[in-house]
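See structure below.
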Amino acid sequence: MSGDGPTAGVNFREAGDEGEQEVMETERNVLVGTYARAPVVIKSGKGCKLYDVDGKEYLDMTAGIAVNSLGHGDPDWVNAVVEQASTLTHVSNVYYSIPQVTLAKRLVECSFADRVFFTNSGTEANEAAIKFARKFQRFLHADKKLPATEFIAFTNSFHGRTMGALALTSKKQYRSPFEPVMPGVMFVEYGNSEEAIKAIQPGKTAAVFVEPIQGEGGIYSAAKDFLQALRTACDNAGALLVYDEVQCGLGRTGHLWAHEAFDVAPDMMTLAKPLAGGLPIGVVLTTERVAAAIGSGDHGSTFAGGPLVCHAALAVLDKIQNPIFLASVTRKGLYLKDLLLEKLGGNPHVKEVRGFGLIVGIELDVQASPLVNACRDAGLLVLTAGKGNVVRLVPPLIISETELEQAAEVLSACLPALDANASS
């Protein structure tokens, strides 16, 4: 983007600051090489805009991978963080703290759940849900030597990178370097009710993990009939139904929780990314029936549910829970899809534009990285998903219609990069 905003002409590099190349070189020398980072060094952000060390402006359609739902530097969120940081940051779960209890109460009030367990990330939330499912089966069938311990997950799923959540993640390239991962996981085709019903077995299946909308997997949405079939099959088999709403939950779809669009409730739900506005948090929401199986010492965390992150999360929840805010997400999501169909729909590489609210995917018939790179050079930040052939758009939920128009224009202007790459 051209630097015509409030920071136009500002030199972002302060005395002693390293330049872009120096930062990237230092990173290569001191960090474990797990990230194939884009060659941009971000220094600051405001609203839906990010700025690199040289002052170049970018329109952010990534929101830190669906995290910064209120954008960058939301004043109420900043005030909440500063206020709590100056009062109490961390005490551990040896003691009670007011922000944790307040947030838990609020989450129970606005969801299907009766109880809450806090973690520090999405993958930790899914690990906790795995443990809770196993403990629930043991608690319910205390007379059985071998209660149900196995799990069903789905094709294109992503549930995290720790060993249990990784076992539920379908992409082989994530799992294979670390095998053996947790055994007892069966993958079923996402959306295939018949296959799922056959797979969910009494005395064998402890829980079914499913994303109501798959983000990393390529922006695929479940159908109501599919989720209802899972609910019925789980009830019949004595298995638990777990929704992973780490990426699609908390307003991203225009509903507070993505599954509300389908009116099929889970036994547990995991949350994380957007809840604390950029600070690390994860949550398992659960019914009383499941929570009754979990006792003191069954699970725990030093940092989880700390006063700082929970106070920040309350500021986020205050805004996103507002029905007017949620309605604006729905409206902007429809507008974004209309714009993309208008600007990109005639291109032969564009197979489909799909999504729900402000989680949108553009499926291509080629790899998306040349388009992503061209957009970045033009000042627009977007992500990939699926098998690398889907452009993923998960902007801050506060994004304006003008900014959505800007994003669609840049995407359209950069489409020739797909042909340039094919012919090179």
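By the scheme Lys and Arg +1, Asp and Glu -1, what is the net charge of all other residues having a beta-carbon under 12 Å from that of Ala153? Working shown, then result.
Numbers: positive: Lys171, Arg175; negative: Glu150, Glu189, Glu211, Asp244.
Cβ neighbours under 12 Å give a net charge of -2.
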Inset, instruction - Using R₀ = 51 Å, calculate the FRET efficiency as 1/(1 + (r/R₀)^6) where r is the Cβ-Cβ separation of Leu140 and Ala420; round to 0.05. - result: 0.30
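For a quick check of your reading of the filter: which trypsin sites (Lys or Arg not before Pro) in the range 359-418 sit in a DSSP loop and have no more than 13 other Cβ atoms within 10 Å?
On the way: sites: Arg376, Lys387, Arg392; in loops: Lys387.
Taking the range 359-418 and a limit of 13 other Cβ atoms within 10 Å, the loop trypsin sites (Lys or Arg not before Pro) found are Lys387.
Pulled fully out, how much extra length does the chain show between Leu31 and Tyr96, if you take 0.36 nm times their separation in residues and subtract their Cα-Cα distance? Please report the intermediate quantities before stating the final value.
Working: separation 65, 0.36 × 65 = 23.40 nm, distance 3.63 nm.
Result for the pair: 19.8 nm of gain on full extension.
With Cβ to Cβ distances under 12 Å as the rule, what net charge do the other residues near Lys171 carry (K, R +1; D, E -1)?
Details: positive: Arg161, Lys172, Arg175, Lys387; negative: Glu216.
Summing Lys/Arg as +1 and Asp/Glu as -1 gives +3.
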Inset, instruction - Would you mind getting the accessible area per residue of the range 239-306, heavy atoms of the protein chains only, 1.4 Å probe, in Å²? - result: 27
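Calculate for the chain the 222 nm mean residue ellipticity that helices alone would give, adding -39,500 (n - 2.57) per DSSP H run of length 4 or more and normalising by residue count, nearest 500 deg cm²/dmol. Don't skip to the end; give the middle numbers.
Details: 15 runs with 158 residues, N = 424.
Calculated from helices alone, the mean residue ellipticity at 222 nm is -11000 deg cm²/dmol.
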Inset, instruction - Describe numerically, in nm with one decimal, the distance between label points set 7 Å from Cα along Cα→Cβ at Val78 and at Ile65. - result: 2.6
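What is the range 338-411's relative contact order, in percent, from Cα pairs under 8 angstrom and six or more apart in sequence? Walk me through the intermediate numbers first.
Details: 97 pairs, mean separation 21.8, N = 74.
It rounds to 30 percent for the range 338-411.
Output the DSSP H helices from the chain with an along-axis C-alpha extent of no less than 24 Å and a mean Kyte-Doolittle hydropathy no less than -0.5. It would help to have the intermediate numbers written out before the result.
Numbers: long enough: 122-140 (27 Å, -0.42); 323-344 (31 Å, 0.54).
Long hydrophobic helices here: 122-140, 323-344.
Set the Förster radius R0 to 35 Å, insert the Cβ-Cβ distance between Lys172 and Glu342 as r into 1/(1 + (r/R0)^6), and round the FRET efficiency to 0.05. Display every interim value, and only then the final one.
On the way: r = 37 Å, r/R0 = 1.07.
Calculated value: 0.40.
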Inset, instruction - Leaving out ligands and nucleic acids, note down the accessible area per residue over the range 47-205 with a 1.4 angstrom probe, in whole Å². - result: 49
Legend entry - Net charge of neighbours whose Cβ lies under 10 Å from the Cβ of Thr287, counting Lys and Arg as +1 and Asp and Glu as -1: -1
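Quick one: pull the percent of accessible area on the chain belonging to carbon and sulfur, 1.4 Å probe, ligands and nucleic acids left out.
On the way: 10270 of 18770 Å².
Summing carbon and sulfur atoms, their accessible area is 55 percent of the total for the chain.
Going through the range 107-159, which trypsin sites (Lys or Arg not before Pro) have at most 16 other Cβ atoms within 10 Å and a DSSP loop state?
Within the range 107-159, the qualifying trypsin sites (Lys or Arg not before Pro) (loop, at most 16 other Cβ atoms within 10 Å) are Lys144, Lys145.
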Inset, instruction - Using DSSP, restrict attention to beta bridges with both residues in the chain and report what percent are antiparallel, rounded to the nearest 5. - result: 65
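In nm, what is the difference between 0.36 nm times the number of residues separating Thr402 and Lys131 and their Cα-Cα distance? If you can, show how the numbers build up before the last one.
On the way: separation 271, 0.36 × 271 = 97.56 nm, distance 4.54 nm.
Value of the extension gain: 93.0 nm.
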Inset, instruction - Can you pull a Stokes-Einstein diffusion coefficient for the range 314-424 at 4 °C (1.567 mPa s), Rh from Kirkwood over Cα pairs, as a whole number of µm²/s? - result: 89
Legend entry - Mean Cβ neighbour count within 10 Å, used as a protection proxy, ranking 296-306, 41-51 highest first: 41-51, 296-306
Inset, instruction - For semi-axes √(5λ) of the Cα gyration tensor in Å, several values are listed as (i) 36, 26, 20; (ii) 39, 24, 21; (iii) 32, 26, 23; flag the one computed from this structure. - result: (i)
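The values are calculated or read from the model by the stated rules, or taken from the named source; none is laboratory data. Quick caveat, the model's predicted, so the values are computed rather than measured. Counting neighbours? That spans all protein chains shown, and the Cβs are built from the backbone with ideal geometry, glycine included. Ligands, DNA and RNA are excluded from the accessible area calculation, which covers all protein heavy atoms including side chains. Shrake-Rupley method; radii C 1.70, N 1.55, O 1.52, S 1.80 Å.
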